[in-house]
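The values are calculated or read from the model by the stated rules, or taken from the named source; none is laboratory data. All of these numbers come straight from a predicted model, not from anything done at the bench. Cβ atoms come from the backbone with ideal geometry, glycine included; neighbour counts cover every protein chain shown.
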Amino acid sequence: MARLESSLFAPGTIDEVGRDDIVELAKSGGEPAISIYLPVGLHGDVARDKIVLRDLIAQARLELAEDGYDASRIKELLQLPERLMTDDTYFAKGMRGMAIFCGIGEDRVLRLPVAPEPAYSVAASPWVVPLLSVLEGAGDFLIIWLDLNDVRLYLAGRFSMTRLPLGDVDTSIDDVLPDEDRQAHISARAEGTARTSRVAVFHAKGVGEERTKRHEEHFLEMLAAELVPYLSEWSAPLVVVGVEDLAASLAARLAHDQVAVAQLEGSPSRADEREIHRRAWEAVEPIMTAGHRAAVERYAELAGTGYTTFELEEVSAAAREGRAASLLVASTRPAWGRRLSGSSQVELHEYAVIGDVDLVGSAVGDALASGAEAYLATAGEVPFSPVGAILRY
């Protein structure tokens with residue numbers, strides 16, 4: 001199905017960040033590998049954002065010098081973030097964060113829809129754990145924007161949505177009004193339309209509240225019948241956004257596996273795409289994040305049975321060997337260290353030294369590469385830090 005050009009963000013401002021990106025970065029060696037996380041757009045002040053970036057660059061430069069790199073090599077390594085200081089396109093409206101990775105063969109910039117804490121690292125591999133926040137609730141869902149005068153269908157994700165064409169579907173109640181009522185409906189509009197918090201009420205002679213309700217139900221019945229073939233192409237969850245009783249009525253008529261309803265206050269025609277998306281995400285979030293909650297519950301159920309562990313070396317080994325079903329990451333802070341050659345043991349350091357990697361990030365990369373899931377656990381969800389694993393065997 002073709003898409004229409006419509007998005008919550010300006011074209012090109014948000015890079016798609018998926019599990020493959022995290023796996024690739026986690027497995028990218030470099031000495032040194034530099035990672036910089038920067039929140040942007042929070043204050044609407046690009047100059048302020050650049051000051052934060054400049055400070056992070058300065059801290060990374062100092063650490064590189066302390067590690068023995070000469071000035072020319074440091075300049076080469078930090079060429080990308082320095083260039084961003086003069087490129088406002090990377091600070092476009094709609095972004096919330098930026099992740100910069102240098103010294104790993106191919107430098108990368110990921111523009112993020114969530115705001116990370118300002119931070120940097122210099123190690124033997126990129127620091128990837130903060131990127132997990134972008135994966136939370138990842139996946140597609142559908143939105144039906146139920147404005148009786150302009151019904152729309154969107155394919156959405158947590159941070160964006162794109163309008164889908166509806167072809168010959170009747171998307172306005174005008175298209176299905178009986179002939180005997182069409183003229184009264186038009187006359188009422190000419191005289192002026194009074195809107196309640198539910199739907200337009202027409203004060204023309206002969207058009208009463210009961211007839212208006214019948215018109216609405218007739219329209220929703222026809223609309224549902226016409227939408228079913230379009231929706232059958234998608235297995236994604238669906239959210240109907242509109243005035244509550246009308247949205248619930250349409251949702252009940254749709255043959256779709258997972259349907260949620262999001263209520264709008266006032267006329268849907270007065271809402272904009274951002275409001276529609278926000279309401280839809282609030283309604284569908286429990287569905288989209290069900291895997292996270294199930295992993296937290298599963299860990300609690302299996303604790304003490306041998307099918308869970310929060311020992312870092314055991315988590316690391318299980319992820320590397322494909323034995324981890326899920327990881328629950330309780331902290332984005334790096335756990336600097338290295339695996340000891342010829343064993344499953346790890347050596348931890350308080351601060352990164354040359355040759356160190358973030359052992360949590362390494363485990364996350366291994367787990368995702370093997371088909372496992374990795375979630376950022378919120379405060380109070382788990383009794384451990386920095387990471388725990390649910391084991392397959």
Open item on the list: Tell me yes or no: at least one residue of the stretch 162-169 is at pLDDT 90 or above, touching a Ser or Thr at 6+ places or on another chain (Cβ under 8 Å), of a type outside the set (Val, Ile, Thr) and not in a helix (DSSP H, G or I).
Closed with: yes
Open item on the list: Take VAL228 and tell me if it is assigned by TED's automatic domain parsing to the domain that holds LEU155, β-branched (Val, Ile, Thr), surrounded by 14 or more Cβ atoms within 10 Å (Cβ to Cβ) and at pLDDT 90 or above.
Closed with: no
Open item on the list: Could you go through the stretch 361-379 and let me know if any residue there is surrounded by fewer than 18 Cβ atoms within 10 Å (Cβ to Cβ) and at pLDDT below 95.
Closed with: yes
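Could you check, for the stretch 252-263, whether at least one of its residues is of a type outside the set (Phe, Trp, Tyr), in a helix (DSSP H, G or I) and either surrounded by fewer than 20 Cβ atoms within 10 Å (Cβ to Cβ) or at pLDDT below 95 (or both)?
Yes - at least one qualifying residue is present in the stretch 252-263.
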Task: Positions within the stretch 348-382 being over 26 Å from the mean Cα position of the chain (by Cα) and free of Cβ contacts under 8 Å to residues at least 40 places away in the same chain, in sequence order - done: LEU348, HIS349, GLU350, TYR351, VAL353
Task: Test: LEU177 is assigned by TED's automatic domain parsing to the domain that holds GLY266, over 16 Å from GLY242 (Cα atoms) and modelled with pLDDT under 90 - done: yes
Task: Which listed residue is modelled with pLDDT of 90 or more, aliphatic (A, V, I, L, M) and under 21 Å from the mean Cα position of the chain (by Cα), from VAL109, VAL122 - done: VAL109
TODO: Output the qualifying pairs, or none if there are none: Cβ atoms under 7 angstrom, residues six or more apart or on different chains, first residue in the stretch 310-333 and free of Cβ contacts under 8 Å to residues at least 40 places away in the same chain, second residue assigned to a loop (DSSP other than H, G, I, E, B).
DONE: GLU313/SER344; GLU313/GLN345; ALA317/SER344
Open item on the list: Let me confirm something: among ALA318, ALA290, ALA303, ALA352, which residue is at pLDDT 95 or above and touching a Ser or Thr at 6+ places or on another chain (Cβ under 8 Å)?
Closed with: ALA318
TODO: Specify which of the listed residues (ARG48, ARG73) is of a type in the set (D, E, K, R) and under 26 Å from LYS27 (Cβ atoms).
DONE: ARG73
TODO: Can you confirm whether the stretch 133-140 contains a residue that is surrounded by 17 or more Cβ atoms within 10 Å (Cβ to Cβ) and over 11 Å from the mean Cα position of the chain (by Cα)?
DONE: no
Task: Of all residues making up the stretch 275-299, the number that are of a type in the set (Gly, Ala, Ser) and touching an Asp or Glu at 6+ places or on another chain (Cβ under 9 Å) - done: 2
TODO: Return yes when VAL122 is in a strand (DSSP E or B), outside the structural domain of GLY157 (by TED's automatic domain parsing) and either of a type outside the set (Gly, Ala, Ser) or in contact (Cβ under 8 Å) with a residue 12 or more places away in the chain (or both) and no when it is not.
DONE: yes
TODO: Read through the list (1) buried (at least 17 other Cβ atoms within 10 Å of the Cβ); (2) modelled with pLDDT of 95 or more, then give the number of the only condition that LYS50 fails.
DONE: (2)
